[in-house]
Amino acid sequence: MPPEWPEWPKRPKWKDEISHRLAGLKLTATREAAIIEEFSQHLDDIYEEHIADGATPMQAEKLTRETARRRPKCRVTSTSEI
């Protein structure tokens, strides 16, 4: 089990990157914040799994980003659905 987070190098900050990717979708601020929070937590979980499997923080970040890129893209056809 990895040590507590403060002992590790800085964890990646996913929120700014996710926010950038959501730009242009015309989401309400509340919905955008919820998506950012949920996806950021999902990426943190994947990152932690890689660390637990023995990856270095740099390797874990790279693997997490690769995993996120491979995920199917979502299409929003109407903001009323969100």
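Some notes on this structure:
- Top-ranked residue in the stretch 20-50 [being under 15 Å from residue 65 (Cα atoms) and of a type in the set (S, T, N, Q); ranked as surrounded by the most Cβ atoms within 10 Å (Cβ to Cβ)]: 40
- Hey, residue 54 at pLDDT 95 or above and out of contact with any Asp or Glu (no Cβ under 9 Å at 6 or more places or on another chain) or not: yes
- Subset of the stretch 45-63 [outside any helix (DSSP H, G or I) and among the β-branched types (Val, Ile, Thr)]: 56
- Meets criteria (surrounded by 11 or more Cβ atoms within 10 Å (Cβ to Cβ) and either modelled with pLDDT of 90 or more or part of a helix (DSSP H, G or I) (or both)) for residue 66: no
- Tally, over the stretch 1-30, of residues that are modelled with pLDDT of 85 or more and farther than 16 Å from residue 49 by Cβ: 17
- Hits in the stretch 19-41 - residues which are touching a residue at least 24 places away in the same chain (Cβ under 8 Å) and of a type in the set (Val, Ile, Thr): 28
The values are calculated or read from the model by the stated rules, or taken from the named source; none is laboratory data. Values in this document were obtained by computation on a predicted structure and should not be read as measured data. Cβ: placed from backbone, ideal geometry, glycine included. Neighbour counts: every protein chain shown.
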